[in-house]
Amino acid sequence: MLSALTELAARMRACDVADWDRVAARFFDWATQQDLRAAVRAYLDGLAGNAAAAVTAKSRETTTHFAWCLLDRPEDGFSFWLHEYKPQQDWRIGYADSVHNHRYHFCTTILRGRYVHERFTADVDPEGTEIRSATLLRSGVCGTGEAGMMLSEEFHRIPKAEDGTLTFLVKSRAIQPWSLSYDPITGTSRRHVPIEQRLGQLARHI
């Protein structure tokens, strides 16, 4: 995995990460040439000491999956992630299964399993803080080996994932200060501000 990650990182550093179409082209070309499941397995089997601590320190649990941070160097304009989807029965409403965007652009490929992927258009208020409505554009099932790209201003959701689904992602740095999510059943919109941006406000709330 080290050599595979090193190769991908070199490709990412050699292109303008502000041009995500070009980033995506390099990622898709790289992903089709790798046995990614074997590479990720070997990488995880080899983690120990500080390397293992670095992965767990930046990883997190969401209501629908575990987001494992495989590579995140401050000097890079990108980071590498592995998303391990929980069994469907363990999902709690409000994350991947909501209509949402992301603060960052990303490319992804499915290492194992499959999920239902839906893309939406969203009517967002002028301040960009609330989704007023969302309209389904298309829906389909994505399986092992398929790859895709999402920009920070695009909206999607994953309402279902096969148990054991794993995806590998390359994320840009944050493009937006927050992301939005929307429940089409209740019409509830939420704004998600990353915790690091709230530190400066914390003392005022005490």
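The table that follows gives values for the structure above.
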read-out: Hey, Ala25 out of contact with any Leu (no Cβ under 7 Å at 6 or more places or on another chain), of a type in the set (A, V, I, L, M, F, W, C), closer than 30 Å to Tyr182 by Cβ and free of Cβ contacts under 8 Å to residues at least 24 places away in the same chain or not; value: no
read-out: Number of the exception - Leu166 against (1) farther than 22 Å from Phe78 by Cα; (2) at pLDDT 95 or above; (3) in contact with a helix residue (DSSP H, G or I) (Cβ under 9 Å, 6 or more places away or on another chain); (4) not polar (S, T, N, Q); value: (1)
read-out: Criterion: assigned to a strand (DSSP E or B), of a type outside the set (D, E, K, R) and within 21 Å of Gly145 (Cβ to Cβ) - qualifying residue of Leu82, Leu44, Leu5; value: Leu82
read-out: Total residues in region 145-161, condition assigned to a loop (DSSP other than H, G, I, E, B) and either in contact with a Leu (Cβ under 6 Å, 6 or more places away or on another chain) or surrounded by 15 or more Cβ atoms within 10 Å (Cβ to Cβ) (or both); value: 4
read-out: Residues being in contact with a Lys or Arg (Cβ under 7 Å, 6 or more places away or on another chain) and part of a strand (DSSP E or B) - total across region 47-65; value: 1
read-out: Extreme residue, surrounded by the most Cβ atoms within 10 Å (Cβ to Cβ), among residues of region 162-174 that are of a type in the set (A, V, I, L, M) and in contact with a Lys or Arg (Cβ under 6 Å, 6 or more places away or on another chain); value: Leu166
read-out: Complete set of residues in region 85-133 that are farther than 19 Å from Ser179 by Cβ and either among the acidic types (Asp, Glu) or assigned to a helix (DSSP H, G or I) (or both); value: Gln88, Gln89, Asp90
read-out: Arg37, sole failed condition from (1) without any contact (Cβ under 8 Å) to a residue 40 or more places away in the chain; (2) surrounded by fewer than 19 Cβ atoms within 10 Å (Cβ to Cβ); value: (1)
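The values are calculated or read from the model by the stated rules, or taken from the named source; none is laboratory data. Keep in mind the model is a prediction, meaning the values are calculated, not measured. Cβ: placed from backbone, ideal geometry, glycine included. Neighbour counts: every protein chain shown.
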